[in-house]
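A short write-up of the structure that comes next.
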Amino acid sequence: MLQNRPFRAMIVPWILDQTIVAMLSSLLPFYVQYVISPEVVCQVSSPPIPIASARCSSRMLLGIGLVCMLLAAILSMPLWQRAAMGFGDYQTWLAFNFMNAITTILFIVGQTSTLAIVLTICFAILNGAPIGRSCAFEQASHFWHRVQV
């Protein structure tokens, strides 16, 4: 493997890609609980929304966000594969990294509001699409041999 030049060129970026996905997945619970705080949104809304409502649950928002992220990843996989066939693996990989950077930055907008709850779900969907690229390219066992660096 270490004799394969494309593999050596891509191993560090691949590790960084996987680190970003792992960080996003593991930090989303903290983001929902402490930044978005749906419980606080329900308490300060006028009129107050009952705290027992599903809309006022950090766990519910987290669950919806993660399901949306995974569905977006699954649904985007064929699109990434088509893009790779049309534009080439390397160009598609660059597009993935650009999209991943842009969609991850969107989480900086977080605040405690009803709009932030909706945006969290939208941002989770947008972050799922780059995750689909990771899965789509990892399916191809010969990907490392096809990369043109």
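What follows is calculated from the coordinates using simple rules that are stated; it is not laboratory data. All of these numbers come straight from a predicted model, not from anything done at the bench. Methodologically, a virtual Cβ is constructed for each residue, glycine included, from the backbone with ideal geometry; neighbour enumeration extends over all protein chains shown.
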Angle in degrees between helix 89-105 and the longest Cα principal axis of the chain, rounded to the nearest 10: 20 degrees
Rounded to 10°, Cα long-axis angle of helix 5-30 versus longest principal axis of the chain: 10 degrees
Whole-angstrom gap from the range 70-117 to the range 1-61, using each part's C-alpha centre: 14 Å
Magnitude of the charge dipole, the chain, Cβ model with Lys/Arg +1 and Asp/Glu -1, debye to 20: 220 debye
Relative pair counts by distance (%), Cα atoms of the chain, 10 Å bins: 11, 36, 26, 16, 8, 2, 0
Leu79-Ala52 pseudo-label distance in nm [points 7 Å out on the Cα-to-Cβ vector]: 4.0 nm
Estimated Rh, the range 68-139: Kirkwood, alpha-carbon pairs, angstrom: 12.6 Å
Sorted by Cβ density within 10 Å, fewest first, the residues Thr114, Thr104, Thr92: Thr114, Thr104, Thr92
For the chain, calculated [θ]222 nm from helices alone, where every DSSP H run of n ≥ 4 adds -39500 (n - 2.57): -25000 deg cm²/dmol
Leu115, Leu24 arranged by Cβ crowding within 10 Å, fewest neighbours leading: Leu115, Leu24
